[in-house]
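All remarks here apply to the structure that follows.
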Amino acid sequence: MNRQTKKEIRRLAVKILVAVLALGLAFWGYAFVYRGKTEPPAKYPVTNQDAAVYSLRGQIQMLSQQEELNTFAFEGRKKEKEYGTYIIPGLRYTRTFLNAEGTKQAVCTSMTPQGLAVTDEYVLVSAYCHTEKHNSVIYVINKETHRFIKEVVLPGLPHVGGLAYDLEHDMLWYSSNTNGIAQAISIKMDVLRDYNYADNHMPVQVNQTCSLYGIVRDSFMTFYKGCLYVGCFNKYTESTIARYAVDSRGDLVNTFNEELGMMFEMAVPLDYSTISEQAQGMAFYDDKLLLSHSFGILPSRIVFYEQSDKRLYVNENSARSYRMPEMIEQIVVEGDELYVLFESGAYAYRGYAGNVVDRVLKLNLIKMEESYQEEY
């Protein structure tokens, strides 16, 4: 090979490398930047009810690559409707409003699912507009038929990272934040049941808006044994869960205490627990605390902890951990079932997420515990 040929090969190699880098940068710009800041045009003026990416068969085939997850989610569920799954509606189009006052009807194409709650009647999923243009919403899904019923538009643009249902008072809570102050906001379920987008022409009426003392962000929540538990997401450091009391009407108990630095009434925690970083959701199962953990495109995990008086739920104290697809969000326990929500089906993420899950899954908690006992 002469010198001229070697030079031509080097030039060609450099050109190929430059082309690969250019394509990589173009993909990164489109998938990670453009899709996160831009909404595609809405083709229909209603909330879509079909899956954003996968058919049921396609979703099962994709997730069956993870044998353990396939066992927990689909094994023995053939007779259940949709194999026990619930399509997350609205990931392509969602009826909402263009501003907090709800004066202009609009369709959002970048809704990102965050919170999950389960009642006797419904599976409820909260979502926020990724481009921060539209009001946040709660999707109401019939628990028995698995069909989408309606969207409930919330006041403003909260991140709605968590939902929590208080069965005793028939009250739904969602997480919010105003001016850097964590908040919990409640809606009476009768109000939610009666809400109709076309008739109301405005966001749903809330019951109580309560500022939370002692926690930086209201990132996720759950309701357990008469108390509202609120957790804070931190990327790289340990975080906290705070437990708040509710009164006989189902409202959070407010206190005004100048010695604590309060300038207005706030709910003060009964106690705190320490948790590991990157927590996205929590739930209680028998004598265990379950936490879902996720950050970016890294694999998610669901971690089981034995409850203790020390209330220290960090990685080294975990009883067992299960690997999940990326971008897990809230989890909810009902009986021996664990309902699991992912945000990877949102427009901003499904362009690069390796394992898109555009349905709420149900995991069999008995099988999860049995698999751990067999392993050890």
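The values are calculated or read from the model by the stated rules, or taken from the named source; none is laboratory data. Here the structure is a predicted model, which is why all the values come from computation and not from measurement. Glycine also receives a Cβ, built like all others from the backbone with ideal geometry; neighbour counts cover every protein chain displayed. Ligands, DNA and RNA are excluded from the accessible area calculation, which covers all protein heavy atoms including side chains. Shrake-Rupley method; radii C 1.70, N 1.55, O 1.52, S 1.80 Å.
Some points to look at:
- The alpha carbons of the stretch 37-80 occupy a box of 39, 26, 13 Å along the principal axes, longest dimension given first.
- Label-point separation in nm, Gln61 to Thr38, each point 7 Å along Cα→Cβ: 3.0 nm
- Highest GNM mean-square fluctuation among Gly335, Gly226, Gly161, for the chain modelled with Cα contacts below 10 Å: Gly335.
- In order along the stretch 267-283, phi translates into HN-Hα couplings of 8, 9, x, 6, 6, 10, 10, 9, 10, 6, 5, 6, 7, 10, x, 8, 7 Hz, rounded to whole numbers, per the Karplus curve 6.51 cos²θ - 1.76 cosθ + 1.60 with θ = phi - 60° and x for Gly and Pro.
- Average projection area in nm² (convex hull over Cα atoms of the stretch 141-237, one quarter of hull surface): 7.8 nm²
- Direction-averaged projected area, Cα convex hull, the stretch 160-303: 10.5 nm², rounded to one decimal.
- Too-long pairs where the Cα-Cα distance tops 29 Å, listed order kept, from Lys78/Lys235; Lys37/Lys188; Lys37/Lys81; Lys143/Lys225: Lys78/Lys235; Lys37/Lys188; Lys37/Lys81
- P(r), alpha carbons of the chain - 20 Å bins starting at zero, rounded %: 28, 55, 13, 3, 0
- Dividing the helix sum by the residues of the chain, where each DSSP H run of 4 or more adds -39500 (n - 2.57), gives a mean residue ellipticity at 222 nm of -5000 deg cm²/dmol.
- At 0.890 mPa s and 25 °C, Stokes D of the stretch 203-249 from Kirkwood alpha-carbon radius, µm² per second: 201 µm²/s
- Reported to the nearest whole Å, the Cα centre-to-centre distance from the stretch 173-209 to the stretch 255-311 is 23.
- Rg over Rh for the stretch 174-223 works out to 1.06, using Cα positions for both radii and the Kirkwood form for Rh.
- Carbon and sulfur %, accessible surface of the chain computed with the full protein complex present, 1.4 Å: 51 percent
- Excluding ligands, DNA and RNA, the accessible surface per residue across the stretch 98-251 is 40 Å² with a 1.4 Å probe.
- Remark: the chain carries a charge dipole of roughly 2580 debye about the Cα centre, counting +1 on each Lys and Arg Cβ and -1 on each Asp and Glu Cβ.
- For the chain, built as a Gaussian network whose Cα springs stay under 10 Å, the top-fluctuating residue of Gly162, Gly296, Gly261: Gly261
- Relative to its residue count, the stretch 89-154 spans a Cα convex hull of 72 Å³ per residue.
- Using the Cβ-Cβ distance between Glu75 and Asn142 with R0 set to 35 Å, the FRET efficiency works out to roughly 0.90.
- Along each principal axis, Cα extent of the stretch 293-363, largest first, Å: 43, 27, 15
- The stretch 247-376 - Rg (one decimal) and Dmax (whole number), Cα, Å: 17.8, 54
- log10 of Debye I(q)/I(0), alpha-carbon scatterers only, for the stretch 75-194 at 0.09, 0.10, 0.13, 0.21 Å⁻¹: -0.25, -0.31, -0.51, -1.21
- Distance distribution P(r), the stretch 257-330, all Cα-Cα pairs, bin width 5 angstrom from 0: 3, 15, 22, 19, 12, 10, 10, 6, 3, 0 percent.
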